[in-house]
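To start, the structure itself, in structure tokens.
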Amino acid sequence: MFFSGMTLPLLQVGDTVRAGTAVAQLPDLEHWEATARIAEPDRGHLALGQTVRIVAVALPEHPYTGKVSNLGGTSGPQWDRRFECRVAVDHPTPELRPGMTANLVITAETLNDVLWIPAQALFESDGRSFVYVRTPQGSFTPHDVRLVRRSESQVVLTGVAEGQAVALARPDRSQGKAREKKAGSSATEALPPGP
């Protein structure tokens, strides 16, 4: 059994070793695992068995699939707490090597037929969620919406129509800057699901 940080002795042909001394480590090439250290706030989104897409940096032409097999304990300083997530690789190939770096995408949830906008376009005040919608006159007015899901960069919501323009900043706080910009440069359209 090997432990993290354990080093094997440097041996040469003809060296004598004591019984039970580890002289080599042979990886199990039949059962591969990928390991990621994930920020603690994302723990609630993960569960055993979730599908994972794995792309080894050295083998970008051959993506692999896997499933979350283990969620470890949290460690690290209070401002950067992380936990270990292990992923069992479904169909490894002989090209894989121990220690390769890989990018992992874990599918936590799939939402179909939803509208999303950039997170900075959603505003909340007094328990109310709203966006600033462009009126036919070109100004913006608050419009109530219902938040469905939120990520760091996007929000999924209901209450606006596809293609409806919403402001990315509070219009009342950016009127001076908005006058200097051409019309429409401070708005975005509610977008359908990405590819």
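Coordinate-derived values only; no laboratory data. Predicted model, so just to flag it, every value in this text is computed and none were measured. Virtual Cβ from ideal backbone geometry, glycine too; neighbours counted across all protein chains shown.
Numbers for the structure displayed
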| item | result |
| --- | --- |
| For the stretch 33-106: span of alpha carbons on each principal axis (Å, largest first) | 39, 22, 16 |
| Contact order normalised by residue count of the stretch 33-106, Cα under 8 Å, 6+ apart, percent | 41 percent |
| For peptides 15-23, 92-100, sequence by mean Cβ density within 10 Å, most packed first | 92-100, 15-23 |
